[in-house]
Structures are given as C-alpha cells and as structure tokens.
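Quick notes on the structure that follows.
Read the figures in this text as sums done on the coordinates, not as results from a lab. Just so it is clear, the model here is predicted, and its values are computed rather than measured. Reconstructed Cβ throughout: ideal geometry from the backbone, glycine too, with neighbour counts over all protein chains shown.
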C-alpha cells in the first residue's frame, strides 16, 4: 500500500520568486501556464526579506483572475516541504 496519495491535485498553485517582471505578469502567465492554468500564485520574496505590497496598474492587471499572495522565503520553504508533490 502506498505511503502517500500520489494522485493529481484538483487545484494547482504556481510558486514563483519575486523579480524579473511585474506581479501582474507573473500572475497572468501563471494562469495560462499549465493545460488548465494555475488556480493561484504564491510569490515568495528574497531570503530574509518581508513580503511587500503588490500593486496592480500594469497592462496585465485587468487580465488576472486568480488569487495572488506574497510570502517570505522561509514560508515558501516550509510550504514546499510540507506540501510537496512526493507527498501527494
């Protein structure tokens, strides 16, 4: 009997680092990325940096239809450890 349930999740979240583009771009491309799109995006900040306010106003902001949240780097590590794909 398998130790963990390895079935596919019915809700998939993108976990992405801060930087390189706007928050709206990250969210917009994340909702388009997988065959059915991600249902939410978790943006993590640089190590030892607190989350910052995320603002809209970018050309992609009105196209974002998924929840977006920013967490600390440590929080992201904890989430990925506790809820990784190997554990179903």
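Here are a few things to note about the model shown:
- Ranking of 44, 29, 83 by count of other Cβ atoms within 10 Å, fewest first: 83, 29, 44
- Put in line by how crowded their Cβ is, counting other Cβ atoms within 10 Å and starting with the fewest, 60, 23 read 60, 23.
- Take every Cα pair under 8 Å whose residues are at least 6 apart in sequence, average their separation, divide by the length of region 28-71, and the relative contact order is 52 percent.
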